[in-house]
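All remarks here apply to the structure that follows.
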Amino acid sequence: MSGFKSLFKQTFIYGLATVLPRMLSFLLVPLYTSEAVLANPAEYGKVSVIFSYFVLFNVILAYGMETAFFRFFNKEEDKDKVVSTSTISLIVSSLGFFILALVFQNQIASFIDIDVKYINLVIWILLLDALVIIPFAWLRANEKPMRYAVIKILNVVINIGLNLFFLLALKDLAEGGGMFENIYKPNFEISYIFIANLVASAFTLLLMASFYAKLKYKFDSSLWKQMMKYAIPVLIAGIAFSINETFDRILLKELLPADIAENDIGMYSACYKLALFMTLFATAYRLGIEPYFFSHAKTKNPQKNYANILEFFVAFGSIILLAVVVFADVLKPFIIRSEAYWEAMWIVPIILLANFCLGIYHNLSVWYKITDRTRFGAYISVVGALVTLAINFIFIETYSYQASAVATLVAYAVMMLLSYYFGRKYYPIPYNLKKIGLYLSISIGLSALSFYQYRENYVIGIAMLIVFLGLVIMLEKNQLKQVLKR
């Protein structure tokens, strides 16, 4: 259990770095969906499509180097060589992308049908974000979660603060004349959103300047080739993951009639945010667990710890799933301010469960990362992407965003099952399938009943939640006692 102490400590701090900023970022959804900013779901749909491209290009610009960094940082004796080689690689590739993207920005804007003024801002943000990938990975690898957390939180606080200033305060200040009158532009809301993001990213890079100042700029081509061999399958998996995660917005824009596409995307994207509670939990857990997987791979019987970790994840994830479903209609007016978006609430349990499956998949993925079989991660993610694309292409025209939600769930469930199947063969881990299956089946069944049969009946919903909490506590009381004692 000593390994758990380190894991829970780091997961808690990384959780603060992830959960608190994203909880703060919840302010942006009510802001964007308010009558004063983007009351029309179509306008929010435009923002959502651009952020979908963000996800895809962030993956391409990282090209698996972050995961390769963790693997070789723990594997190589000369850690400085790993740090400098991976950093130089990302500097060169990021600057190369930046120059090409600026030169061809008009062609890019025309191809993806997005205004070039947004493309220009996006290019700058992508560059700045790419340049902090290895510095943040270095903080995680050296177990400096507090500094990681502070910088991440500052980034989001600045972003949110500037959003509030540009979208709420600036117009009133401009009416008083002076310098604010020169800054304010009417109907400039979407640009202000990305300008806030740009300033926050620039500030984050500035805070990482000490990393670049201390870096030993030595490039080892032999090591780089090994790292790229490890990273390329991760890149493929990352692209496939981005297709699963956000490409549905792009497909909705392309496959739905032009007069309803952006409106449906706006409603879908806003209600999708209610699944953020599960995403936050899974992301915080993954950030804490990934270095743990590598650092404990050579300890005695690590498989037992890995099995217990998944069991805890499923137990807590099941509670989050049921709790958010029960209180979804209580949460929606606080997060999604305009009723124009509420039509898409049907997707909330589906997306919650989809992200739960994704979290389980990340826990199961330990086997191919530890055994250097990252190509399986690529294979599995590609299968998931193909499932996503197939369901969306076949059903979007008939079922719109409902098809996209179901596609996300099916894709992540398939990835989860494939990872378990191959993991059993190459790196057997003694998962307690009976208990995991019990938690999953009961929480999914109660969630479906609560939302689709007894929606907004909080007496029944809360009773279901209490019963399920009692079951988890009863089955996990011994493990919880040991963790709390330590």
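Worth a mention:
- Among residues of region 176-205 that are without any contact (Cβ under 8 Å) to a residue 60 or more places away in the chain, none has a Cβ under 7 angstrom from a residue that is aliphatic (A, V, I, L, M) and outside any helix (DSSP H, G or I) at a sequence gap of 6+ or on a separate chain.
- Asp372 meets all of the listed conditions (1) open to solvent by 30 Å² or more (accessible area, probe 1.4 Å); (2) part of a helix (DSSP H, G or I) but one, namely (2).
Residue-by-condition table, conditions (1) out of contact with any helix residue (DSSP H, G or I) (no Cβ under 6 Å at 6 or more places or on another chain); (2) closer than 30 Å to Ser48 by Cα:
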site: Leu162; (1), (2): no, yes
site: Leu168; (1), (2): yes, yes
site: Lys171; (1), (2): yes, yes
site: Phe188; (1), (2): yes, yes
site: Asn197; (1), (2): no, yes
site: Thr204; (1), (2): no, yes
site: Ser210; (1), (2): yes, no
site: Leu223; (1), (2): no, no
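- The set of residues from region 159-170 being open to solvent by 40 Å² or more (accessible area, probe 1.4 Å) and either in contact with a strand residue (DSSP E or B) (Cβ under 7 Å, 6 or more places away or on another chain) or in contact (Cβ under 8 Å) with a residue 40 or more places away in the chain (or both) comprises Leu164, Leu168.
- Flag if Ile99 is at pLDDT below 90, more than 23 Å from Asp220 (Cβ to Cβ) and over 24 Å from the mean Cα position of the chain (by Cα): no
- Applying a threshold of 7 Å to beta carbon distances and a minimum spacing of six or more residues, or different chains, the list of pairs starting in region 420-438 at a residue that is within 15 Å of Tyr361 (Cβ to Cβ) and ending at one that is in a helix (DSSP H, G or I) and among the small types (Gly, Ala, Ser) reads Ile429/Ala307; Ile429/Gly423; Tyr431/Ala307.
- All of (1) surrounded by fewer than 21 Cβ atoms within 10 Å (Cβ to Cβ); (2) within 20 Å of Ser269 (Cα to Cα); (3) in contact (Cβ under 8 Å) with a residue 40 or more places away in the chain hold for Val348 with one exception: (1).
- Taking region 92-140 as the range and being open to solvent by 30 Å² or more (accessible area, probe 1.4 Å) and of a type in the set (Ser, Thr, Tyr) as the test, the residues that pass are Ser93, Ser110, Tyr118.
- Any hit, region 237-244, residues being in a helix (DSSP H, G or I), over 30 Å from Glu343 (Cβ atoms), open to solvent by 20 Å² or more (accessible area, probe 1.4 Å) and at pLDDT 85 or above: yes
- Remark: pairs (first residue in region 386-408, at positive phi; second residue open to solvent by 10 Å² or more (accessible area, probe 1.4 Å) and not hydrophobic (A, V, I, L, M, F, W, C); Cβ separation under 6 Å; 6+ apart in sequence or on different chains) = Ser400/Asp264.
The values are calculated or read from the model by the stated rules, or taken from the named source; none is laboratory data. The shown structure was predicted, so the numbers you read here are calculated from the model rather than taken from an experiment. Cβ: placed from backbone, ideal geometry, glycine included. Neighbour counts: every protein chain shown. Each accessible area value is taken on the protein alone, full model and side chains, heavy atoms only, with ligands, DNA and RNA left out. Shrake-Rupley method; radii C 1.70, N 1.55, O 1.52, S 1.80 Å.
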